[in-house]
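Student: Mind looking over this structure? Questions follow.
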Amino acid sequence: MYQIHEFVALILPPMAAVLAVGAVRDGIIVEDGRPVVAKLLSLTLSADHRLVDGAYAAEFLQTVRNLLEKPGQLVMSR
């Protein structure tokens, strides 16, 4: 809405963590050795390390990234 590409959110009590999501923008990435235009999104996780282990926070961000890149994984198959 405000076209802010990235920011850091403040943790306020009683929060343990907060996820800041930037605006989607066009950017250049390398795919198969060639530059291509792709949609980019910035995610920043602020966590209170007294409550959240940094390794678990990184795993959470990795899971979010994987689901955003391949949303079909959200569909449960029978």
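The values are calculated or read from the model by the stated rules, or taken from the named source; none is laboratory data. Not measured: the values here are computed from a predicted model. Glycine also receives a Cβ, built like all others from the backbone with ideal geometry; neighbour counts cover every protein chain displayed. Heads up: the accessible areas ignore ligands, DNA and RNA and are worked out on the full protein's heavy atoms, side chains in. Shrake-Rupley method; radii C 1.70, N 1.55, O 1.52, S 1.80 Å.
Student: Relative to the longest principal axis of the C-alpha atoms of the chain, give the angle of the C-alpha long axis of helix 54-69, reported between 0 and 90° and rounded to the nearest 10°.
Tutor: With both axes taken from Cα atoms, the answer is about 30 degrees.
Student: I'd like to check one number: the per residue accessible area of the chain, probe 1.4 Å, reported in Å² as a whole number.
Tutor: Working: 6670 Å² over 78 residues.
Accessible area per residue: 86 Å².
Student: Semi-axes of the equivalent ellipsoid of the chain: what are they in whole Å, largest first, if each equals the square root of 5 times a C-alpha gyration tensor eigenvalue? Provide the component values of the computation, followed by the final result.
Tutor: Values: eigenvalues 137, 70, 31 Å².
Working from the Cα gyration tensor, I get semi-axes of 26, 19, 12 Å.
Student: I need the calculated FRET efficiency for the pair Ala38 and Thr63, taking r as the beta carbon distance and R₀ as 25 Å, to the nearest 0.05. Could the numbers behind the result be given before it?
Tutor: On the way: r = 20 Å, r/R0 = 0.82.
Efficiency at R0 = 25 Å is approximately 0.75.
Student: How large is the charge dipole for the chain, taken about the Cα centre, if only the Cβ atoms of Lys, Arg (+1) and Asp, Glu (-1) carry charge, to the nearest 20 debye? Display every interim value, and only then the final one.
Tutor: Working: 7 positive and 8 negative charges, 42 e Å.
Value, rounded to 20: 200 debye.
Student: What is the percent carbon and sulfur in the accessible area of the chain, measuring with a 1.4 Å probe over the protein chains and ignoring ligands?
Tutor: 59
Student: I need to check one value: relative contact order of the chain, counting alpha carbon pairs closer than 8 Å and at least 6 residues apart, in percent. Please list the in-between numbers first.
Tutor: On the way: 100 pairs, mean separation 20.5, N = 78.
Relative contact order for the chain comes out at 26 percent.
Student: Can you pull out the GluC sites (Glu not before Pro) in the chain that DSSP calls coil and that have at most 14 other Cβ atoms within 10 Å? Walk me through the intermediate numbers first.
Tutor: Details: sites: Glu6, Glu31, Glu59, Glu69; in loops: Glu6.
Counting only loop positions with at most 14 other Cβ atoms within 10 Å, the GluC sites (Glu not before Pro) in the chain are Glu6.
Student: Report the net charge of residues surrounding Leu61, where surrounding means a beta-carbon distance below 14 angstrom and charges are Lys +1, Arg +1, Asp -1, Glu -1.
Tutor: Values: positive: Arg65; negative: Glu6, Asp53, Glu59, Glu69.
Local net charge: -3.
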